[in-house]
Amino acid sequence: MPFPLPDALASIPHRRDVPFARLTTLGVGGICRWLFEPVSVAQAQAFVRACAREGLAWRMLGGGSNLVVLGDVDLALRLRFPEEPRRAGLELEAPASFGHIKLSLAAADLGLAGLEYASGIPGSVGGAMHMNAGAYGRELVDVLARYQFLTAEGELVEKAPEPGEFRYRWSVLGGGRVALGLTVRLAEGDPDRIRALVEDYRRRRGTSQPLHKRNAGCIFKNPPGQSAGRLIDQAGLKGLRVGDAEVSPDHGNFLVNHGAATAAQFAELMALVRTRVREAHGVELEPEVEIWAATDMITR
Ligand SMILES: Cc1cc2nc3c(=O)[nH]c(=O)nc-3n(C[C@H](O)[C@H](O)[C@H](O)COP(=O)(O)OP(=O)(O)OC[C@H]3O[C@@H](n4cnc5c(N)ncnc54)[C@H](O)[C@@H]3O)c2cc1C
């Protein structure tokens, strides 16, 4: 990262040397040397365009709830748009930086049904768009009416989702694109019933997931027709520990940080789990979390 900053970046709010332990739910990782936090679409666009022009490599950060960061990152972007969700009839519009759980709860308060499944999925709306986040047989694309994003060159696009753009924990919003916001189309519902469903989903998570310890949600994708958590459990790996990183005794597909874990310990534990599951079941587990290593930065 050149210093002084290119002029186009200097006026965008930014911070220096922020530890990823503070930017991610797992609480590990190196340092984010420059964290840019635009408060408007125009600032986000200026960032993307300047990076494209200068050939700067950068990372897109949301709520950090699906990340294992292995080292330092020179340059990252995190949206801080101040807008709140806006209702228009059965549609709800929200900026990408808004909290995903907060959006689900806002919909419930408004008596709009369809986002209850999201009431326990942390992170930002933008991260949920990128990941096509989902639970209980539902996922974001099921309710997505329109979405806005910047291309890797900084061009602003607004469109309705098309087939193939959102799949299981994948979307077109990778490769340097920046999700800016969305509009979800929901259904009229009885507020009491919506809230009861939200409570039910949250209770189920509270009893099955180790939410009292720092974690990054499910670490491995479910192999087709199988449960990664069950495979890990059947391989006898619950409670397996490397330093302060542990396979949760409560849920095999959650790795938890007991407080002083390092990224290297999580990397070692994930590798160990994959090896043991391969040996026990002949199944190759693929990470559901995104792993940030210094070598695969987005460069334009
Ligand atoms: C306790 C717990 C439970 C969880 N349960 C679930 C679950 O049930 N279902 C599920 O799907 N996930 C679950 N997750 C994983 C995680 O919450 C989701 O994947 C979430 O949508 C990630 O959002 P984020 O903002 O934290 O993204 P981050 O972790 O910050 O980033 C994830 C990816 O999204 C990209 N990204 C972030 N913001 C943007 C943007 N504005 N534009 C483009 N790309 C962007 C990042 O570059 C990165 O590639 C869980 C996690 C935890 C900790």
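The values are calculated or read from the model by the stated rules, or taken from the named source; none is laboratory data. Just so it is clear, the structure is predicted and the values come from calculations on it, not from any experiment. Cβ atoms come from the backbone with ideal geometry, glycine included; neighbour counts cover every protein chain shown. Side chains are part of the model used for accessible areas, which takes the heavy atoms of the whole protein and leaves out ligands, DNA and RNA. Shrake-Rupley method; radii C 1.70, N 1.55, O 1.52, S 1.80 Å.
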Anything in region 157-175 that is in contact (Cβ under 8 Å) with a residue 40 or more places away in the chain and surrounded by 21 or more Cβ atoms within 10 Å (Cβ to Cβ)? List them, or say none.
171, 173
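Being polar (S, T, N, Q), closer than 21 Å to residue 135 by Cα and at pLDDT 95 or above narrows it down to one of 222, 215, so name that one. Break it down into steps so the answer makes sense when it comes.
Numbers: 222 fails: at pLDDT 95 or above.
Step by step, each of 222, 215 is checked, and only 215 is polar (S, T, N, Q), closer than 21 Å to residue 135 by Cα and at pLDDT 95 or above.
Here is a yes/no grid of residues against (1) within 25 Å of residue 205 (Cβ to Cβ); (2) surrounded by fewer than 15 Cβ atoms within 10 Å (Cβ to Cβ); (3) touching a Ser or Thr at 6+ places or on another chain (Cβ under 7 Å); (4) modelled with pLDDT under 95:
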{"residue": "244", "(1), (2), (3), (4)": "yes, no, no, no"}
{"residue": "251", "(1), (2), (3), (4)": "yes, no, yes, no"}
{"residue": "256", "(1), (2), (3), (4)": "yes, no, yes, no"}
{"residue": "271", "(1), (2), (3), (4)": "no, yes, no, no"}
{"residue": "276", "(1), (2), (3), (4)": "no, no, no, no"}
So which residues in region 193-227 are within 13 Å of the ligand (Cβ to nearest atom) and aliphatic (A, V, I, L, M)?
211, 216, 219
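Restricting to region 116-127, name every residue that is within 17 Å of residue 202 (Cβ to Cβ) and within 6 Å of the ligand (Cβ to nearest atom). Even if it seems obvious, please write down each step before you answer.
The initial filter retains those residues of region 116-127 that are within 17 Å of residue 202 (Cβ to Cβ), namely 116-123.
Across region 116-127, the qualifying residues are 121, 122, 123.
Could you list all residues from region 17-43 that are over 19 Å from the mean Cα position of the chain (by Cα) and either of a type in the set (D, E, K, R) or in the same structural domain as residue 267 (by TED's automatic domain parsing) (or both)?
17, 33
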In region 196-217, anything open to solvent by less than 100 Å² (accessible area, probe 1.4 Å) and basic (Lys, Arg) is listed as 202, 205, 213
Does region 227-238 contain any residue that is within 30 Å of residue 104 (Cα to Cα) and open to solvent by 20 Å² or more (accessible area, probe 1.4 Å)?
yes
Among helices (runs of 4 or more DSSP H) entirely inside region 1-78, those with 1 or more residues being open to solvent by 40 Å² or more (accessible area, probe 1.4 Å) and in contact with a strand residue (DSSP E or B) (Cβ under 8 Å, 6 or more places away or on another chain) are 41-54
